[in-house]
Structures are given as C-alpha cells and as structure tokens.
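**Student:** Can you keep this structure in mind? I'll have questions shortly.
The values are calculated or read from the model by the stated rules, or taken from the named source; none is laboratory data. The shown structure was predicted, so the numbers you read here are calculated from the model rather than taken from an experiment. Note: ideal-geometry Cβ built from the backbone for every residue, glycine included; neighbour counts use all protein chains shown. Only protein heavy atoms, including side chains, enter the accessible area calculation; ligands, DNA and RNA are left aside. Shrake-Rupley method; radii C 1.70, N 1.55, O 1.52, S 1.80 Å.
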Amino acid sequence: MQRLEVLARQLTAGAAVEDRTPLLATKNDYDTMYKRSIQDPEGFWGEMALGYHWDRKFPARGHMAANTDIRRGPVSIQFFAGGTTNMSYNCLDRWVAAGRGEQAALIWEGNDENERRTVSYRELLAEVNRLSNWLKSRGVKKGDAVTIYLPMVPELPAAMLACARVGAVHSVVFAGFSADSLAQRMVDCNAKVLLTATGVMRGTKPVLLKTIADDAVKLAAKAGQETSSVLCLEVANALAAADTPWNPVRDVWWHAAVPMQSAECEPTWLDSEDRSFLLYTSGSTGKPKGVVHCVGGYMVGVGVSCRYLYDMRPGDVVFTTADCGWITGHSYLAYGPLLCGCSSVIMGGIPTHPDGGRAWRMVERYKVRQFYTAPTLLRSLLQLGDAWPRQSDLSSLRVLASAGEPMNEHAWHWFHEVVGSSRCPVVDTWWQTETGNAMLIPLPCKWFQAKAGSAGVPFFGVCPVVLDPTTGNEICTTEAEGVLALRGVWPGMMRTLHGDHERFESAYFAPYKGYYFTGDGCRRDADGHYWITGRVDDVINVSGHRIGTAEVESALTEHPDCAEAAVIGVDHALKGQAIYAFVTLRGHVQTSDAMRKLLMDHVRKSIGPFAVPEVIHWAPGLPKTRSGKIMRRVLRKIASGEEKELGDISTLAEPGVVDMLIKLRGK
Ligand code: 6R9
C-alpha cells in the first residue's frame, strides 16, 4: 500500500512537471532578444507588453521617453504612455476568463503546519472585489495611499491587489517594523487608511500587530497625520478578537465589513504611468526612501522576468519564501506568479518551525516547481543538515532561485546538489527595490554555464557597466572590477522617490553622470558574467534586509544617554552581515551590560527587532577626520580584529582614539 502511494505520488509529480519547450533554447535566442532590447527598447517592450490586457492600447511608437542624464534636465522615465491597464485585472480576471477560475491562486500554510488554505483564482477575485468596494466605501480614490501592515496571510496579496484595482497606491510595511517606523511611513505618504491584523505567531512567539498599529496611529496623529479607518483582520491563534484594543469610531473588523460588500467591482483603468505602489527602503543617508513604481512598466517588467528568468507558466506552483513587506514578495510572490497564471505558495510561519523539514515538506505537498529564497535562509537550513531535504520528495522542483544578498559557494552547492539533486539550475539573481524586477541572472537554460556565486548576465533591456570608482570612467575591457552602474532605462525601474525627486536624482543619478548608480561593487569575468562584491555605500544587508547605518545611528543617538554612535556591517556566518555599533555615552553615564540592553531595546522599539546591533562596542571617542567625518574604514578593521591593516590614519584628528578602541574590543 505504502509503495503504491509513493508510486502514485511520483506519477503525479511527473505529470505536473512534463518537459516543455524551453523559452531561450539556444545562446543565439538570448543574444538576439537581448540585442534587440538594447537597440530598440521601445519596439521590444511594446511587443512584450502585448502579452497583457490594455483597456486602451498605447501607440506602437512614441510611448517611451527617458532622460537619465541630469546634465540634460530632470530625470524622467516613461513606458507605454497613452495606454491604460489594471494590474489586478491582469493578475485575476484574465485567468478566470481563460478557464482557470478553479485553479489555486494562493496556497497558504500558517505558523502551525496544520493550518492550510487554498484560494482559487475565482475566490481571490471575489475577495479582491469586496475589499476594493470596502476601500471605495471609505472614500479611497485613485492616487490615495493605503498602508498595509499585515502578516503573511492570503489577505495580504489580496489587499495589494484591491489597491491596484481601485488605483490606490499601496505601501506595504513589513510586519516586523516597530510602531515608530510604521508611523513614519504612514506620515510620509499621507495614508489615511491602514489595513492590519490582530497579531501573528512567529515560531512560538505571538506578535501583537494591532497594538503596534494603534501606537503608530497615535504617533502619526501627533505628526499631523490622521488615520480615518483601520481595517483589522482577526488572525486565529495570535490574539482573540475580544482581547484586541479597539476604537469603535475608527476601527473596523474585516470579518464584519468585507464579506458584506459586493463581489463585483469594475477595475479602474489607470494610465501606464500612474503610481502603482510605494515601498520604503534604506539608503546610505537619512530617512527611508519611498520608492515609487508605476502601473504599466512594473507589470510588464515583472511579468516578462517571471516568464523568461524563472520559466513561470500557467499552472506552475511557485514557492517564494520572501515576505510581501519587501520587494521580492511584491514581485515574485504576489504580482509576478499571478501575472503568469501560477499558484503562489505563502508560508505564514518561519521555515525552521517546527523543524528543518518544514519548507521541504511544503515543496512535496504542493509539487512546487519554482522555489525562490534568499541565501540567509539557505544558510540556516543547510546548518540543520542534509537529512531534512532528503526526507521529502523534491522531484517536482525545476528552478531554484535566490536574491537579496551574495550567495557563498557553499550555500550554492548545497542548494544545487542537495536540494536540486544537481538537476535544477540555481538562478541567483541580482536586483533591488528600485529596479522592480531581476536585472542580472544566471539563465535557467541548459546551455548556460552558471558559476557558483555569480549573478550571471543581464536581463533584457539591462545595460550593466563597471565604473572606475575614482575617475567615474567606464571600464570597457571584458574583465573589470569596480562599481556597478546601469545605462539606459527598463520598464520596471522606479520613477521617483515619494515627495523628493531631488533626492532621487542626487542619490542615483548624480554620483556618476549619465548612469543609474546601484550602490553595489562588482566584477565582470572573462565570460562576461557579473559577480556582486557587496555595497560600496553605507547600507548593510542583514539576512537580506537592507538597513542604512544612518538609520541605526539615529535610533541610538535618540536615546538620552547616547552622545554619539557609528554603525558598520561585519561579516556574519548566518546573517551575511551583522550590525556592529560603536557608541559614545554621555559624560556622566557608566558603561554596563544593562546600558547595552537599554540601547538595544531602544533600537528594537525605534526600527524593529531585525535592526538591533549584534555588538555594542563602547567608544570614548570615534576616529574622525579633521573635517569631522567618521572613518568607517578604520572602524571596520578594529571590529574585525585587523588592526594591523589599518592603513593610512594620518588624517585622523586624534589618532590616540584607535588604540583606545582596540583595548575596549569585547569589553
Ligand atoms: C531584491 C532585493 C538590494 C541589494 C542590492 C545588493 C543586494 C540583491 C543580490 C545582492 C548579491 C545578489 N543583492 N541581490 N547581492 N547577489 N543576487 O533584495 O532588493 O532589498 O532593495 O536589496 O541587495 O546589495 O543592492 P533590496
């Protein structure tokens, strides 16, 4: 009996992954399409966009315009101008009309493995319509911002799609952010409506989201931003509805308000260049930046990348482990798979709960074809041993994707050999919140020779250049090392930073005139493959979460006992990078472990748990240049115990500080 079950499982697994015609079968296919995308972007993307529904077609010529050279005037980008469309229509109605209404759109598992839900395309469309009607009933109109602070439940992508349907601009805030961070983001985009939940279980820990949301609403009000409606979803097991703090004037229960709405809602047809969503991300200085994406370009960029880079086709089951609070969740969990007619798997809990086999059992259960994760998760899963993936039938897998941070060779080989049984390409893609979709990619094609740790070759329309960081000149030899910049434009590119076009230009287009500056260093090898060497600015990547050193520093210095702080990133075996803070206390304050804890708690409250420094190194003074600039290069060497390689410190205002800091390491 048992053997028969195994056999049946193998047969169905086989049926789900029948061989298919490859999209880029030969190198020549890729070269031809790539070349055309660079030589005639307007024609190329115009044709690609015809794979989507447009209520009003854009003209074949004249729909694209761009300037990325600040010497020639303001930076501006447009694609498919003159056309109108709607992303929720392309994600949902189109597939229901094509007879896929009963197919799963979302497959969800909660923190507890027995909590499972499947939402078909027809059901998701109805839920999105009801939610759209609720948003309208609350006065939400095209262009209005809506903040979404939800855990990973099917209602999160549904909320994003409902905003897309009515033309509201969603701002999803990762449910690990604190009340301060949530408030800051609500104030920045002027959001009057907040969608949240009672709470969520993370492993064995409940997180009370509604309480955090209430605090954020209060903080926003103090900053002059009134929240008119808070829609709250009851999430079982976290907190009973009866125990949830409630303001009857402002708060609305999801289960009371949404089901009574009509399940029909005409999509609002939006101009291609209308705003689609905002997503806040960290930069090297100042507050988080509200990256703005627009409807048509983002849709086409993400949809086409899913098709060509991850081979997503209708009916495929895609499992992306990212949270919708980050760009990978937007592009490759929510929008991308649905634009391709796939079933998207959502994991509500953490992948190592209750044990290291959780993610692999889900792959087996749902016959996942594309598994998309981040190196940080791979590192923690591989630590738990090979037995876990080997216990599950992973034969449905065809594409193993990753993004977010550099993948070390060890993790790459484990992914390829243990998870993929050496049959599946490892697609380690480089991209950013700002780029909208994957940009550099080891193509998942038989002919492509992927190299462990390399981000591969450019996607259509992407023109990477390696710049000499000191002269700013392009290094034109095939083999090159320097700063990664991009020439030209692509549809999924951000259009501006919310409320600050000047910062958009100065952060991305001023450092190297004529190019988009990525903030990453890179190397191009003799075969033209790119290797990302990490950020060259003051951005740290902790477990794939981007954090600006300036944000952590300002959280620390907000504490009344902290006089000054300097934050750097140090290598960390699991997280990739960890936050290391040098802190100078005010004169009268004594250093102690209790003080350390106070400062850590303060950062947790101010930004969120993931931004808490791993190490606080007491610093009676900081190494500064005579003009007052902190020399982080010196701090990095001190933190990693490489003081013999400090280099030139003759420009330091007080060289004695260095010895003091070395003595205080580990104290
Ligand atoms: C998608 C995403 C962007 C930054 C980026 C770079 C790093 C992303 C990478 C990678 C090496 C890869 N990064 N993918 N580094 N190899 N395959 O993560 O967006 O959160 O905006 O982060 O992440 O440093 O500049 P985002």
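**Student:** Just how large is the dipole of the chain about the Cα centre, in debye to the nearest 20, putting +1 at every Lys and Arg Cβ and -1 at every Asp and Glu Cβ? Present the calculation step by step, with values, prior to reporting the outcome.
**Tutor:** Working: 71 positive and 72 negative charges, 54 e Å.
Dipole of the chain, to the nearest 20 debye: 260 debye.
**Student:** Please express the Cα-Cα pair-distance distribution P(r) of the chain as a list of whole percents, one per 10 Å bin, running from 0 to the bin with the greatest distance.
**Tutor:** Each 10 Å bin holds this share of Cα pairs: 3, 15, 26, 28, 19, 8, 2, 0.
**Student:** Further question on the same structure: If R0 is 56 Å, what FRET efficiency do you get for S421 and Q590 from their C-beta distance, rounded to 0.05? Walk me through the intermediate numbers first.
**Tutor:** On the way: r = 57 Å, r/R0 = 1.02.
Efficiency computed from Cβ-Cβ geometry: 0.45.
**Student:** I want to check the label-to-label distance for S554 and E226. Put each point 7 Å from Cα in the C-beta direction and report it in nm to one decimal.
**Tutor:** Here the answer is 2.7 nm between the modelled labels.
**Student:** When the chain is fully extended, how far beyond the present Cα-Cα distance does D561 get from T21, taking 0.36 nm per residue of separation? Present the calculation step by step, with values, prior to reporting the outcome.
**Tutor:** Values: separation 540, 0.36 × 540 = 194.40 nm, distance 6.40 nm.
Working it through step by step, the gained length comes to 188.0 nm.
**Student:** Turning to a different aspect of this structure: What FRET efficiency comes out for the pair E642/T470, r = Cβ-Cβ distance, R0 = 25 Å, nearest 0.05?
**Tutor:** 0.60
**Student:** Moving on. In nanometres, what is the gap between the two model label sites at D29 and H53, each 7 Å from Cα along Cα-to-Cβ?
**Tutor:** Placing both labels 7 Å along Cα→Cβ, they lie 2.8 nm apart.
**Student:** Tell me what the chain gives for mean residue ellipticity at 222 nm when only DSSP H runs of n ≥ 4 count, each as -39,500 (n - 2.57), the sum divided by the residue total, rounded to 500 deg cm²/dmol.
**Tutor:** Values: 19 runs with 188 residues, N = 667.
Theoretical 222 nm ellipticity from helices: -8000 deg cm²/dmol.
**Student:** Please give the FRET efficiency for E115 paired with S76, using the beta carbon to beta carbon distance and R0 = 60 Å, rounded to the nearest 0.05. Don't skip to the answer; put the middle values down first.
**Tutor:** Numbers: r = 47 Å, r/R0 = 0.78.
Given R0 = 60 Å and the Cβ-Cβ separation, E is 0.80.
**Student:** Working out 0.36 nm times the residue gap between K142 and H413, then minus their Cα-Cα distance, what length gain in nm do you get to one decimal? Before the final figure, lay out each step's value.
**Tutor:** Working: separation 271, 0.36 × 271 = 97.56 nm, distance 4.71 nm.
Computed gain between K142 and H413 is 92.8 nm.
**Student:** Between T204 and T533, what length in nm is gained on full extension when 0.36 nm per residue of separation is reduced by their alpha carbon distance?
**Tutor:** Values: separation 329, 0.36 × 329 = 118.44 nm, distance 3.62 nm.
Extending this stretch completely gives an extra 114.8 nm.
**Student:** What are the residues whose amide H is under 5 Å from the amide H of A145, where those residues sit 5 or more places off or on another chain and H is modelled from the backbone?
**Tutor:** V169, K192
**Student:** Antiparallel DSSP bridges in the chain: what percent, to the nearest 5? Don't skip to the answer; put the middle values down first.
**Tutor:** Working: 60 of 100 bridges.
That works out to approximately 60 percent antiparallel.
**Student:** Pull up the cross-link candidates among the lysines for K629, meaning alpha carbon to alpha carbon under 27 Å and not fewer than 8 places away within one chain.
**Tutor:** Straight-distance partners of K629: K287, K289, K513, K637, K644, K663, K667.
**Student:** Another one. I need to check one value: relative contact order of the chain, counting alpha carbon pairs closer than 8 Å and at least 6 residues apart, in percent. Kindly include the intermediate steps, with their values, before the conclusion.
**Tutor:** Working: 1449 pairs, mean separation 79.6, N = 667.
It comes to 12 percent, rounded to a whole number.
**Student:** Let me ask something additional. List the lysines whose alpha-carbon lies under 18 Å from that of K136, not counting same-chain residues fewer than 8 positions away?
**Tutor:** Here the lysines satisfying the reach criterion relative to K136 are K192.
**Student:** Something else now. Ranked highest first by average number of other Cβ atoms within 10 Å, how do 602-612, 258-268, 127-137 line up?
**Tutor:** Numbers: 602-612: 20.1, 258-268: 15.5, 127-137: 23.0.
Averaged packing, sorted descending, gives the order 127-137, 602-612, 258-268.
**Student:** For region 252-393, which whole percent of the accessible surface, found with a 1.4 angstrom probe, sits on carbon and sulfur atoms?
**Tutor:** Values: 1970 of 3830 Å².
Of all accessible area on region 252-393, carbon and sulfur atoms account for 51 percent.
**Student:** Sorting check: for 485-491, 305-311, which peptide has the highest mean count of neighbouring beta carbons within 10 Å, and how do the rest follow? Write down the numbers at each step before the final one.
**Tutor:** Numbers: 485-491: 22.6, 305-311: 24.6.
Peptide ranking by packing, descending: 305-311, 485-491.
**Student:** If you don't mind, there's one more thing I want to ask. Would you list C522, C445 from the most to the least accessible area, probe 1.4 Å?
**Tutor:** On the way: C522 0, C445 20 Å².
From most accessible down to least: C445, C522.
**Student:** How do E553, E102 stack up against each other in accessible area, from largest to smallest, with a 1.4 angstrom probe? Provide the component values of the computation, followed by the final result.
**Tutor:** Details: E553 25, E102 130 Å².
Final ranking, largest accessible area leading: E102, E553.
**Student:** Nearest 5 is fine: what % of DSSP beta bridges in region 36-172 come out antiparallel, could you say? Mind showing how you got there, number by number?
**Tutor:** Values: 9 of 13 bridges.
Antiparallel: roughly 70 percent of the beta bridges in region 36-172.
**Student:** What nm value, rounded to one decimal, do you get for the distance between W253 and K597 when each label is placed 7 Å out toward the C-beta?
**Tutor:** Result: 3.9 nm between the two label points.
**Student:** Same structure again: For region 209-324, what is the convex hull volume of the alpha-carbon atoms per residue, in Å³? Walk me through the numbers on the way to the answer.
**Tutor:** Values: hull volume 25.7 nm³, N = 116.
Value for region 209-324: 221 Å³ per residue.
**Student:** In sequence order, what are the phi-derived ³J(HN,Hα) couplings for region 280-297 according to the Karplus relation 6.51 cos²θ - 1.76 cosθ + 1.60 with θ = phi - 60°, rounded to whole Hz, with x for glycine and proline?
**Tutor:** Working through the residues one at a time gives 7, 9, 8, x, 7, 9, x, 6, x, 9, x, 6, 9, 10, 10, 4, x, x Hz.
**Student:** Another question, then. Determine, for each peptide in 621-627, 298-304, the mean count of other beta carbons within 10 angstrom over its residues, then list the peptides with the highest first.
**Tutor:** On the way: 621-627: 15.7, 298-304: 27.6.
The peptides rank, most packed first, as 298-304, 621-627.
**Student:** Which of rounded, prolate, oblate describes region 22-99, given a ≥ b ≥ c as roots of the alpha-carbon gyration tensor eigenvalues and a/c under 1.5 marking rounded, otherwise prolate only if a/b is larger than b/c? Could you put the intermediate results ahead of the total?
**Tutor:** Numbers: a/c = 2.54, a/b = 1.18, b/c = 2.16.
Since a/c reaches 1.5 but b/c is at least a/b, the shape of region 22-99 is classed as oblate.
**Student:** Per residue, how many Å² of accessible area does region 242-357 show with a 1.4 Å probe? Could you put the intermediate results ahead of the total?
**Tutor:** Details: 3280 Å² over 116 residues.
For region 242-357, the per-residue accessible area is 28 Å².
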